[in-house]
Amino acid sequence: MSTHPSFFMLDRAGLGDAAAKAQIAEHLETCGVCRAHLQALAAPANELALQRIKRAPSPARPLVPRWIMAAAAAAVVSVIGIGLANVLSDRGDVVTAKGAPSVAVYVKRGDTVFLWNGRAPLRANDTIRLKIVPEEMRFVEVRDASGAVLYKGELTPPETTLPVAWRIDEQGEAEHLTVWLGRAPGAEMKKHVELVLPKEAP
Amino acid sequence: MGQPQVDELFRRYYPVIRQKCARMLSDPAEAEDVAQETFIRLWRELAEDGAIATQVGWIYSISTRLAIDRLRQRKRRPRAELDETTRSKDDVEGGAAGREWLERIAQVLSAEELEVLMLHRIDRMNQEEIGIVLGCSDRQVRRVLTRCDERLQRLKERLEP
């Protein structure tokens, strides 16, 4: 194992952390490599990169709402990513009548959570989670391609994020989920939407 | 956040972020992309919350996960190329050899294992430091590292004639 301090310690020292500075002071006296690392941190930053960053979207609003991040953190399964299906009118292809229930798909890929656009292929190990705006409906079932029930539970208006998430595997070309809605537990369930989630080729 | 603050934030943190990304990714352009993405997230967090208590740990955690995403997005390599997955720790600390090794094992280990392994072998962090950055115990870190060693060893044995 290296006798150098970790880069973590060096970087903390370089940013002015007094405790880190004290820990590595003796080592720095005899190590030109670590001194060079600290000197590189003090060099002028790449202004071109700064210009590119400034052209990026404003940071004032996070890409993903806080509630989604909180839900993701709380979920036992590492969660989320989305796509809208059969809803959210301003996102392109899929539009429903005002007042109709809607289903959105959230996708978590690595550290990023985003709303699925209804077309983009998902990757192995992405996790998906559904958010449902139930309107008059109060009960949901999510089924796989064979009709097996993956989840069933009650829905609470104005919207319910299901407490389960599903991880995308490498098998097959797409995941098929159907969402069935009913007005009450035990009442007739009607298929509301079929989600076909294409997978990226390995 | 106004522009002067962005400039100040950039000059303070970007060199750390850029070097961290360069250690992880062999392609300079890709490393720069991940560095910029990490900084933008840092910028967002500061803009929203006003402060980040453990800036360096946060940078390490986020940039490592973004780098893992990049590594895992690459096409799978033929199995024959995985024959050097169990280099010694000293062989893989930083440098081109370390990055090449990382690209190979990225197709073999889980994201969690990769994260811990990268922090340990590329950034030279000890178990306690990794625990702080990832918000877990030293024991958990040790367990993951042991599992990585076992998996890589098994893989090597399988590939050896």
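In whole percents, the pair-distance distribution calculated for the range A:7-55 from its alpha-carbon pairs, binned every 5 Å from zero, is 5, 20, 25, 17, 11, 10, 8, 3, 0. Spin-label pair A:E194-A:K54: with each label point 7 Å from Cα along the Cα-Cβ axis, the two points sit 5.2 nm from one another. Counting Cβ atoms of other protein chains within 10 Å of each residue's Cβ and taking the mean over peptide B:115-122 gives 1. Here is the interface size for A with B: some 3800 Å² of accessible area buried, both sides summed, with a 1.4 Å probe. The trypsin sites (Lys or Arg not before Pro) of the range A:108-202 that DSSP puts in a loop, and whose beta carbon has at most 13 other beta carbons within 10 Å, are A:R119. What the phi angles of the range A:164-179 give under the Karplus curve with 6.51, -1.76 and 1.60, with θ = phi - 60°, is a coupling list of 10, 9, 10, 8, 7, 9, 8, 7, x, 9, 7, 9, 10, 10, 10, 10 Hz, glycine and proline written as x. Shape annotation for the range A:118-202: C-alpha extents along the principal axes are 41, 25, 19 Å, from largest to smallest.
Across the range B:143-156, computed HN-Hα scalar couplings (Karplus, 6.51 cos²θ - 1.76 cosθ + 1.60, θ = phi - 60°) run 4, 5, 5, 5, 4, 4, 4, 5, 5, 5, 5, 4, 4, 4 Hz from first to last residue, x flagging Gly and Pro. Close amide H pairs (under 5 Å, H built 1.01 Å from N) link A:Y151 with A:V142, residues at least 5 positions away or on another chain.
Only counting protein heavy atoms at a 1.4 Å probe, give the residues of the range A:1-49, ordered by number, whose accessible area falls by 50 Å² or more when the other protein chains are present relative to the chain alone. Those are A:M1, A:S6, A:F7, A:F8, A:D11, A:L15, A:L41, A:A45, which lose 50 Å² or more relative to the chain on its own.
The values are calculated or read from the model by the stated rules, or taken from the named source; none is laboratory data. Owing to the predicted nature of the structure, the values given are computational and were not obtained by experimental measurement. All Cβ positions, glycine included, derive from the backbone under ideal geometry; neighbour counts span all protein chains shown. Note: areas computed on protein heavy atoms with side chains; ligands, DNA, RNA excluded. Shrake-Rupley method; radii C 1.70, N 1.55, O 1.52, S 1.80 Å.
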